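The structure appears below as structure tokens.
All of the numbers you see were taken from the coordinates with simple rules; none came from a lab. None of these values were measured; they are calculated from a predicted model. Because the Cβ atoms are built from the backbone with ideal geometry, glycine has one as well, and the counts that use them run over all protein chains shown.
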Amino acid sequence: MTTTVEITWDAASARRAERQFLAGPAGAGTPVAEVAGAMLGAHAQVLSAAEVSLGMRADGVTRADVRAALWDDRSLIKTYGPRGTVHLLPARDLPLFSAALTAVPSGPSPFPPGVRLTEEQAGQVVAAIGDALDGRFLTLDELSEEVVARTGPWAGDRVMPAFQDLWPRWRQVMHRAGWAGTLCFGPNRGRKATYTRPLPGNPETDPGDAPAAFVHRYLHAYGPATPQHFARWLAAPPGWATTLFGELAAAGRIEEVRFEGTPAWVAAGDTGFPEGPPRGVRLLPYFDAYVIAGQPRERLFPAAAYQRALGGGQAGNHPVLLVDGVVAGVWHQRRRGRRTTVTVEPLVRLTARQKRELGEQVERVGEALEATPELLVGEVTVGPHA
């Protein structure tokens, strides 16, 4: 009779920290793209947050290194990733992300019938975006003109509600162009973002097997996890995720374990865990991968952290202070020229060692952002996303 492996929260969080370079940073010279790959992408709606996510995980990495990887050697791609949000992804992984993300069933459109695109129209827009961006860098206005010219006036109808404005209809599937590999961000032109078509990659995974490969990558970084955890991280239909996990279990590709007394999954054979818990103090920015994917959320955000650092149960709204692998405070940085003031609000009493580590983390934030940091310990008075 097979005995199901029992895994504690401490062991799981310790392994997650190790595999995401939070137990100890990647050594000098480690490619930035390798660090991003270990996280399954760095959230980059705000580029400086992605720069901090990567910088806190790799010795000596600064925002200049991240931007060089994006715009010079192009080992990183800025595009739409999990949940349809902007991420920095390793260029070598783009074929896998594209095949996996396009395989996720789309949910019902949030827009009224008169605003929506049909599936045929959506396909036309995605193809038009790729054609327009092939070998070119276009601003959003320039891309909009090209899409309308290649599809029809219907694509340019300003009917899509967004930020107290109305956007052209075609923009509701812009993220799908990113998933399809026909669009990514280019370097800014002045204050305006530009878009281009990614360089073609060499897929190492059969597109038909991409969802399974993606589950393996996710479980390696964030397991043990349930189908519901995976669906939440990906913003995928829970029923689809449950079916996918069932197929992988039947094929012997994932293995059931007991995680804090409940069934969860790891990649088959990947049942080695440290004794845990992780030790040390870390500062993580908005929407860092560790807090977005870490489940169960009530264990990652214990006690007062659940109210202070989550927004309606959503992780990522506040930069967080981690102490021994769990959220134990929030922080905020305000930059003025070459200086940045980092205000940290701990929710627990820090030991002398933890205070020293906090000071080191603040110095690391400054190094990553190429700024001279100052630490203030006190209440963070700004709200989410500030």
- [ ] List, largest first, the extents of the alpha carbons of the range 281-377 along their principal axes, each in whole Å.
- [x] 38, 27, 17
- [ ] Please identify which residues in the range 339-366 have an amide N closer than 14 Å to a label point set 7 Å out from the Cα of residue 382, following the Cα→Cβ vector.
- [x] 339-345
- [ ] Would you calculate the separation in nanometres between label points at residue 356 and residue 374, each defined as 7 Å from the Cα along the Cα-to-beta-carbon direction?
- [x] 2.6
- [ ] Select from 309, 293, 337 the residue farthest towards the positive end of the dipole of the range 281-377; place +1 on Cβ of Lys and Arg, -1 on Cβ of Asp and Glu, and compute about the Cα centre.
- [x] 337
- [ ] Could you calculate the contour length gain from residue 349 to residue 92, that is, 0.36 nm times the residue separation minus the distance between their Cα atoms, to one decimal place in nm?
- [x] 88.2 nm
Open item on the list: Could you tell me the calculated FRET efficiency between residue 141 and residue 18, based on Cβ-Cβ distance and R0 = 56 angstrom, to the nearest 0.05?
Closed with: 0.80
Task: Range of Cα positions in the chain per principal axis (Å), largest first - done: 64, 63, 40
Open item on the list: Once you order the gyration tensor axes a ≥ b ≥ c over the Cα atoms, which shape class does the range 65-167 get: rounded for a/c under 1.5, otherwise prolate or oblate by comparing a/b with b/c?
Closed with: prolate
- [ ] Extending each Cα 7 Å along its Cβ direction at residue 150 and residue 68, get the distance between those two points in nm, one decimal.
- [x] 3.4
TODO: In a Gaussian network model over the chain where Cα atoms closer than 10 Å are linked, find which of 72, 165, 157 has the largest mean-square fluctuation.
DONE: 165
Open item on the list: Could you list 78, 355 so that the one with the fewest beta carbons within 10 Å of its beta carbon is first and the one with the most is last?
Closed with: 355, 78
Task: Near-label residues of the range 108-129 by backbone N, under 11 Å of a point 7 Å along Cα→Cβ of residue 159 - done: 112-118
Task: Calculated [θ] (222 nm, deg cm²/dmol) that DSSP helices of n ≥ 4 give over the chain, each run adding -39,500 (n - 2.57) - done: -10500 deg cm²/dmol
Open item on the list: Using a 7 Å offset from Cα along Cα-Cβ at residue 192, what residues in the range 141-167 end up with backbone N under 13 Å from the label point?
Closed with: 141-146
Task: Dipole-positive endmost among 238, 257, 269 within the range 208-282 (Cβ charges, Cα centre) - done: 238
Open item on the list: Just to verify a number: FRET efficiency for residue 279 and residue 209, C-beta to C-beta distance, R0 = 25 Å, to 0.05?
Closed with: 0.10
- [ ] Set the Förster radius R0 to 41 Å, insert the Cβ-Cβ distance between residue 247 and residue 111 as r into 1/(1 + (r/R0)^6), and round the FRET efficiency to 0.05.
- [x] 0.80
Task: Most mobile listed residue (259, 185, 111) in the chain, GNM with C-alpha springs under 10 Å - done: 111
Open item on the list: Per 0.36 nm of contour for each residue apart, how much would the distance between residue 363 and residue 45 grow if the chain were fully extended, relative to their Cα-Cα spacing?
Closed with: 112.1 nm
Task: Using alpha carbons only: equivalent-ellipsoid semi-axes of the range 136-233, gyration tensor based, whole Å - done: 32, 18, 14
Open item on the list: Which one, 239, 130, 280, has the greatest fluctuation when you compute a Gaussian network model over the chain with C-alpha springs under 10 angstrom?
Closed with: 239
Open item on the list: Once you keep just the Cα pairs under 8 angstrom separated by 6 or more residues, what percentage relative contact order results for the chain?
Closed with: 19
Task: Dipole moment magnitude, nearest 20 debye, the range 296-386 about Cα centre, only Lys, Arg, Asp, Glu C-beta charged - done: 120
TODO: Please say if the range 1-130 is rounded, prolate or oblate, where rounded means a/c under 1.5 for a ≥ b ≥ c the square roots of the C-alpha gyration tensor eigenvalues, and otherwise the choice is prolate for a/b larger than b/c and oblate otherwise?
DONE: oblate
